[in-house]
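Below is one structure, written out as structure tokens, with a few remarks after it.
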Amino acid sequence: MKIPSPIHRWSMTPKAAVRLQQRLAQRVRIEPLLADVRIVAGVDVAFSPDGRHALAGVVLYDLRASCVTETQLAWRPTRFPYVPGLLSFREAPAALAAIRKLRQEPDVFLLDAQGMAHPRRLGLASHLGLLLDRPTIGCAKSRLCGQHDDPPAAAGRSAHLLDDHEVIGAVLRTRPHVKPLYVSAGHRVTLDDAIHVVMACVTRFRLPEPTRHAHMLVTRHRTDTPPRLFRQHDSDRQADS
């Protein structure tokens, strides 16, 4: 899959990264999806046991056929420290490298991460959406910021996630009486679109199928030897530039 040229460099201090997030957040677009969604890309990132390498997995899921149609993996060295609220600077380079390998272009990207439900409104889903200029959705298992009431127990019901009275996402019950997920718009989608897509991807599990499969993929391979995989995929290294 062809992706746009980089809009910023990755080598910077955490303070510079915060300033960049504040600027990039102004470029996020919240707008309705232009077409029906069929192919959803689930994206997840794991780390090697020593934390020195990030492994991104992307899984294409066909909603009509209810099956996975493509999977890709990419390792990248972690060059940014672990700082809460700045995880996209550790994870996005590997995610971009895996996405670049896709043979088919999805209609929307679904990430196990935050979108606008972020203190500076630029979680990994929003950041990656700007880098790809594609529709992205955040669907996280835990809350990063904001407050909410408990959503009703029925599947598909939700409650607003609020930060200083601003709606930044939804707390969505994907299965009856199970722990909800934190859904937010990433880029080029609305919150209603995000909820609809997530629920369309849910089968008999709490997690939507694209990110559930992406999580299983990276978990299965996170103990592989990263240097060997780097040598196999040298042609993708430009993703880190």
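Only one of the listed residues (152, 119) is assigned to a loop (DSSP other than H, G, I, E, B), touching a Gly at 6+ places or on another chain (Cβ under 7 Å) and either surrounded by fewer than 24 Cβ atoms within 10 Å (Cβ to Cβ) or at pLDDT below 95 (or both). That residue is 119.
Check segment 128-149 and report whether any residue there is within 16 Å of residue 215 (Cα to Cα), in a loop (DSSP other than H, G, I, E, B) and acidic (Asp, Glu). Checked against the condition, which is being within 16 Å of residue 215 (Cα to Cα), in a loop (DSSP other than H, G, I, E, B) and acidic (Asp, Glu), segment 128-149 yields no hits at all.
Taken together, 215, 177, 196 contain a single residue that is modelled with pLDDT of 95 or more and farther than 27 Å from residue 90 by Cα, which is 196. The residue pairs whose first member lies in segment 10-27 and is in a helix (DSSP H, G or I), whose second member is β-branched (Val, Ile, Thr) and at pLDDT 95 or above, and whose beta carbons are closer than 6 Å, counting only pairs six or more residues apart or on different chains, are 14/83.
Criterion applied to 96, 73, 87 was being more than 22 Å from residue 184 (Cβ to Cβ), of a type in the set (A, V, I, L, M, F, W, C) and touching a helix residue (DSSP H, G or I) at 6+ places or on another chain (Cβ under 8 Å), and the one residue passing it is 73. Just one of the listed residues (236, 164) is at pLDDT below 95, of a type in the set (D, E, K, R) and surrounded by 16 or more Cβ atoms within 10 Å (Cβ to Cβ), and it is 236. With the requirement that a residue be surrounded by fewer than 18 Cβ atoms within 10 Å (Cβ to Cβ) and either within 21 Å of residue 222 (Cα to Cα) or among the aliphatic types (A, V, I, L, M) (or both), what does segment 49-70 give you? Correct list: 49, 50, 51, 52, 63, 65, 68, 70.
Scan segment 185-199 for residues that are under 17 Å from residue 118 (Cβ atoms) and among the charged types (D, E, K, R) and the total you get is 1.
Among the conditions (1) of a type in the set (A, V, I, L, M, F, W, C); (2) touching a Lys or Arg at 6+ places or on another chain (Cβ under 8 Å); (3) buried (at least 24 other Cβ atoms within 10 Å of the Cβ), the only one that residue 201 does not satisfy is (2).
The values are calculated or read from the model by the stated rules, or taken from the named source; none is laboratory data. Nothing here was measured: the structure is a model prediction, and the numbers come from that model. All Cβ positions, glycine included, derive from the backbone under ideal geometry; neighbour counts span all protein chains shown.
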